[in-house]
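Just below is one structure, and these are the notes that go with it.
The values are calculated or read from the model by the stated rules, or taken from the named source; none is laboratory data. All of these numbers come straight from a predicted model, not from anything done at the bench. With ideal geometry, Cβ positions are generated from the backbone for all residues, glycine too; neighbour counts draw on all protein chains shown. Ligands, DNA and RNA are stripped out before the accessible areas are found, and what is left, the full protein with its side chains, is counted by its heavy atoms. Shrake-Rupley method; radii C 1.70, N 1.55, O 1.52, S 1.80 Å.
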Amino acid sequence: MSKAKLKIKQGDTVKVIAGKEKGKTGKVLRVEPEKERVVVERLNMVKRHRRPSPQNPQGMLEREAPMHVSNVMYYCSRCSEGVRLGVKRVEGGRLRVCKQCGTEVD
Ligand SMILES: [Zn+2]
């Protein structure tokens, strides 16, 4: 697979298309371009053990584990589904657009 620049950005809403969270949507908290992974709010939660503290007597912490970008698609609110993104050249740069309905997403 080519090391394409990720089209998914922080703050995007994505739909999960594979894995245990399939069908769910969430907001991208962080992207890890070098690993081609994204961290999506409240999805793919894993429990981590920590040293118990007064704030966390159980020593358990739940946090989002990164997911591979191939498992998510940009969620287009107009299409109400996960869509592929295209790139449109405009004056002064480029915009991402929904390939399905043509809506500019940024
Ligand atoms: Zn769309």
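Quick look at the numbers
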quantity: Candidates G23, G59, G93, ranked by Gaussian network fluctuation over the chain, Cα under 10 Å, top entry; calculated: G93
quantity: Gain upon complete extension [E91, V46; 0.36 nm per residue less C-alpha separation]; calculated: 11.9 nm
quantity: Percent accessible area from carbon and sulfur atoms, the chain, protein chains only, probe 1.4 Å; calculated: 46
quantity: Contact order normalised by residue count of region 13-78, Cα under 8 Å, 6+ apart, percent; calculated: 36
quantity: Difference of contour (0.36 nm per residue) and Cα-Cα distance, S80 to Q100; calculated: 6.1 nm
quantity: Over region 40-91, relative contact order from alpha-carbon pairs under 8 Å, at least 6 apart, %; calculated: 27
quantity: Dipole moment magnitude, nearest 20 debye, the chain about Cα centre, only Lys, Arg, Asp, Glu C-beta charged; calculated: 200
quantity: Surface per residue (accessible, 1.4 Å probe) for the chain, Å²; calculated: 69
quantity: Over region 13-78: Rg over Rh, Cα atoms, Kirkwood Rh; calculated: 1.09
